[in-house]
Amino acid sequence: MKIYQSLDAYIASGKTVLTLGTFDGVHKGHKILLAQLHREAAYSGGESVVLTFFPHPRMVLQQASDVKLLNTIDEKAALLEACGVGSLIVHPFSIEFSRLTAEEFVKDILVGRLNIAKMIIGHDHRFGRNRTASTADLVTMGKEYGFEVIQLSALEVHDTPVSSTKVRNALIAGDIALANNYLGYPYFITGTVGKGKQLGRTIGFPTANIVVPESYKLIPAQGVYAVSAIIEGKTVFGMMNIGTRPTVNGTYETIEVNFLDFDVDIYDAQLKVSLHHRLRGEQKFEGLEALKAQLQKDREATALYFKSHQV
């Protein structure tokens, strides 16, 4: 997959088949749309192109809100590449860009810059200044400018349309099972292993402290999770604690992973940690011995989970 950091950097070599959106999470609904994009591109001989935006439009238009996203831009790119996308354009979203009218967007961007033959869109697509233009408007403009519009219906899971918002809400509530069902893969956190206070090592549970530099990345509800990571080409299982460590009077949130049957120095390594199951919420214990006893139970529950679930 080729990645372009702006619309200006992309030069169409022929007709393209395009879809656009934020694609936060690249969930099951997105994947159906991307599969259709791939099929249409293969059928027509055009290039499959995804146009997305960064920062997320809400970060620009609603600066007072604390926007949290399911993916960093690099995580999103990796997920889109795995879906077979030919080219990814990550265009910087700005106030000026948001003021383009629907007609300007279609004429100058879709036709003039991207040379589209077909456009694949979701069931709730709106575009143009203040999102005032509808799918019907896009179809009309497609006929005028010579491109086809293909609209897909919403994918439903448990009789509920899948959306990035629903995934976010599930993660915030600690319902990792529901979030993973919507996504079609285990939610993951990517970060660098940094040095913590190393308290876990003193009680027999050494942890890797995961530092996530992107402040907009959504961290799930505090608690203990059964997780996996690939380290040195090997899948390693463990338990992750997200929280403030109230037993030792912690004052800020940390993300710490204790890996089962693995104790190698991985400081400064980049890790992708996948969350499979939530064991419990974060608790405050009377002391380190009580904490140690619970951590042993958590380790046993984690081992049992992965013994009975294929990853």
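Ranked by the mean number of other Cβ atoms within 10 Å of their residues, highest first, the peptides 268-276, 109-117 come out as 109-117, 268-276.
Report the antiparallel proportion of the DSSP beta bridges in the chain as a percent, rounded to a multiple of 5. Bridges in the chain that DSSP calls antiparallel: roughly 60 percent. Remark: relative contact order (the chain) = 16 percent; criterion is Cα-Cα distance under 8 angstrom and separation of 6 or more residues. From helices alone, the chain scores -8500 deg cm²/dmol at 222 nm; the rule is -39500 (n - 2.57) for each run of n ≥ 4 DSSP H residues, then divide by the residue total. Span-like helix check, the chain: qualifying full DSSP H segments, with Cα axial length of 18 Å or more and mean Kyte-Doolittle of -1.0 or more, are 28-44, 288-308. Between Arg39 and Glu253, the modelled labels are 4.0 nm apart [label points 7 Å from Cα along Cα→Cβ]. Under the simplified labelling scheme, the Ser13-Lys143 pair shows an inter-label distance of 3.5 nm, with each label point 7 Å from Cα along Cα→Cβ. Estimated at 0.36 nm per residue, the fully extended path between Met59 and Ala173 surpasses their Cα-Cα distance by 38.8 nm.
Identify which of the listed values of volume of the Cα convex hull per residue in Å³ was calculated from the structure shown: (i) 115; (ii) 125; (iii) 147. Matching the structure shown: (iii). Compare Phe259, Phe285, Phe54 in a GNM of the chain, Cα atoms joined below 10 Å, and give the one with the largest fluctuation. Residue with maximal mean-square fluctuation among Phe259, Phe285, Phe54: Phe285.
Over the stretch 2-160, what is the relative contact order in percent, taking alpha-carbon pairs closer than 8 angstrom and at least six residues apart?
Normalised by residue count, the contact order of the stretch 2-160 is 31 percent.
With one equal scatterer per alpha carbon and no solvent term, the Debye-computed log10 I(q)/I(0) for the stretch 2-160 at 0.15, 0.20 1/Å reads -0.80, -1.53.
A short reminder: the numbers here are calculations on the coordinates, not readings from a lab. Bear in mind the structure is a predicted one, so any value in this text is a computation, not a measurement. For neighbour counting, all protein chains shown are included, and Cβ atoms are generated from backbone atoms with ideal geometry for every residue, glycine included.
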